[in-house]
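The structure appears right after this line, and notes come after that.
The values are calculated or read from the model by the stated rules, or taken from the named source; none is laboratory data. Because the structure is a prediction, the values reported are computed rather than measured. Methodologically, a virtual Cβ is constructed for each residue, glycine included, from the backbone with ideal geometry; neighbour enumeration extends over all protein chains shown.
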Amino acid sequence: MEATGAAPNSRESLQGAGWVCPAGRFKAFVPPKRPLSWLQPRMLWDARNDVVAERIGDPVNDLRRAWMRAVTEQAEGEGDPRLIDRAGNEDVSFMVIGDPGEGDASQWATIPPLEAIWKGTDFAVIMSDVIYPAGNANEYEEKFYRPYREYPSPIYAIPGNHDWYDELRGFMYHLCGVEEMPSPDFTYTSDQPRWKQTVHRLFWRRPDPPSPAQEAVRSSYRPLPSQRSGQRSPYWAIDTDPVRIVGIDTGILGGLDRDQGEWLREVSRDPSRAKILLTGKPLYVDGEYHPGSIEGGGTVDEIVRDPDSGYIAAIGGDIHNYQRYPTQLDDGRTLQYLVAGGGGAFMHPTHEIPRVRLPGVDEDRFVCYPRRGDSLALFSRLYDRKLAFGRGYFEISPDEAAAYLGEQLGIQPSREHQVVLSDRARRAAERILPLPGRARGPLHPLFALWFDINEPPMFKSFLRIDAGADRVRIRCFAATGCWDQEDNPPIEDELVAERGAGDRWTWREGSEVQ
């Protein structure tokens, strides 16, 4: 039985949020080297394919088709390599860990809470960006194998944009067992100028091959048969008795190639089977809707919303925090759209999320972690250290930050508190809000080092999902880095879906679950 999660959470107290605590034992596990720094020119250069794909041309769809041909050839005669059969148990439990792979303190801070919660789970899924900064095959030992070496069950994964910065070479080698990389298969459209093709070939980053030592790394870590996943494809469906989990590969820019889109439509047919989508890019995030394009027409969300698909939730990574949008559809169903990318990488702010006003969901039902006030307070501390040398010029207390954002957005702070918002705090907040911090902002890579917190409160998070024939429970656990929360991490969000007549699922949330 896993830990109860009864520890106070960030809605209840400053201590529950991690503002007042000693650092946990994770410190002893952190490798004695400089943390990943996005301010290093090498890091920015290695991650350049994001800019190349967006500005000059994105070859990911063609590259993925080449990988899938290699996967199909390797699995010839062994069934569909995209289908993973885990049937045989009435119930299933699994972990979802989003965007973990920096290999520094912020990733290692999640390990003790994960160990407390993963007991009894059948498998885990790493959802998006297994390895930062560029998915390199030679960085898996420190950023994948060592952190999760004690997990006793299989680990599956779906790639994120950073895993594609080396054309998915490391991901396919370590997680799918594909030894040989197919020849670069992307083509240029006839209307693309020759100069643009030349620039693309010049700047597009080709992958580093696995070093000779990587074969020993791959075979010696997680060696037990119970730990082997057998995953062969970057997108897949895991069939369990109560639920089908569908994982899609959204590449660098968030779209699906035509073949994957057709496959997604096929595996999504059957409304009687509950389904959960795991995607590298979330469909709802930061108060915006991104339905997910499919090459040739249509969107991912059209499939998810189709009542003949049977989806009850869509969970995405890429953005490094937790968000939930319980969206009521026109036919009365509620779909849960989650962002769950808080598994270890630097934190993306939540205080910049505007008041939620989207069709089917508004601010009253929206949930995020960290809470907006905690996010603003944390960033105020960072900017004060960097720009004011710790003199308190920018720093705002968590309660003052919550009060300020409550005024600005017209929302009630989640923690009960008594605070008078001072003029100094108000001025500090007004100075901080325009400063760079957005996950998609143009200056984000240059400021990411500042946003990577390696001491409490870290505001990391992960999910545990427990499913039975007529009930699915989703819990978001916090990983703050605090000593007293490592063995009993707080539950920051909890919801339960129950199957009713006509295979219609209804949701209970938060205090309703108790």
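Please verify whether region 118-127 includes one or more residues that are among the aromatic types (Phe, Trp, Tyr), modelled with pLDDT under 90 and not in a loop (DSSP other than H, G, I, E, B).
Restricting attention to region 118-127, the residues satisfying the condition of being among the aromatic types (Phe, Trp, Tyr) are 118, 123.
Filter once more, keeping what is modelled with pLDDT under 90: none.
Scanning region 118-127 turns up no residue that is among the aromatic types (Phe, Trp, Tyr), modelled with pLDDT under 90 and not in a loop (DSSP other than H, G, I, E, B).
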Notebook entry, point to check: Name the residues in region 213-227 that are outside any helix (DSSP H, G or I) and hydrophobic (A, V, I, L, M, F, W, C), would you?
Noted result: ALA213, LEU224
Item checked: Long-range neighbours under 6 Å by Cβ, at least six apart or interchain, first residue assigned by TED's automatic domain parsing to the domain that holds SER380 within region 395-412, second of a type in the set (Lys, Arg) -> GLU395/ARG381; LEU405/ARG372; LEU409/ARG355
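Give the residue, chosen from ALA388, ALA377, ALA313, ALA340, that is without any contact (Cβ under 8 Å) to a residue 24 or more places away in the chain and either over 22 Å from GLN412 (Cα atoms) or not assigned by TED's automatic domain parsing to the domain that holds GLU142 (or both).
Just one listed residue meets the conditions, ALA388.
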Note to self: Need the failing condition index for VAL51 against (1) loosely packed, with under 15 Cβ neighbours inside 10 Å; (2) not in a helix (DSSP H, G or I), just the number.
What the structure shows: (2)
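Anything in region 235-251 that is closer than 20 Å to ARG69 by Cα and crowded, with 23+ Cβ neighbours inside 10 Å? List them, or say none. Give the derivation first.
Of region 235-251, the ones closer than 20 Å to ARG69 by Cα are 235-237, 247-251.
Answer for region 235-251, where residues must be closer than 20 Å to ARG69 by Cα and crowded, with 23+ Cβ neighbours inside 10 Å: TYR235, TRP236, GLY247, ILE248, ASP249, THR250, GLY251.
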Checklist line | region 271-321: number of residues that are over 12 Å from TYR337 (Cβ atoms), at pLDDT 95 or above and among the hydroxyl-bearing types (Ser, Thr, Tyr) | finding: 3
Next item on the list: Read through the list (1) surrounded by fewer than 24 Cβ atoms within 10 Å (Cβ to Cβ); (2) modelled with pLDDT of 95 or more, then give the number of the only condition that ASP104 fails.
Entry: (2)
Check: Are any of the residues in region 431-450 surrounded by 19 or more Cβ atoms within 10 Å (Cβ to Cβ), modelled with pLDDT of 90 or more and within 29 Å of GLN107 (Cα to Cα)?
Finding: no
Next item on the list: Within region 393-418, count every residue that is in contact with an Asp or Glu (Cβ under 7 Å, 6 or more places away or on another chain) and at pLDDT 85 or above.
Entry: 5
Check: When region 474-509 is examined, which residues are found to be surrounded by fewer than 22 Cβ atoms within 10 Å (Cβ to Cβ), assigned to a helix (DSSP H, G or I), touching a residue at least 24 places away in the same chain (Cβ under 8 Å) and not acidic (Asp, Glu)?
Finding: TRP483
Notebook entry, point to check: Can you find even one residue in region 256-279 that is crowded, with 21+ Cβ neighbours inside 10 Å, of a type in the set (Val, Ile, Thr) and either part of a loop (DSSP other than H, G, I, E, B) or on the phi > 0 side of the Ramachandran plot (or both)?
Noted result: no
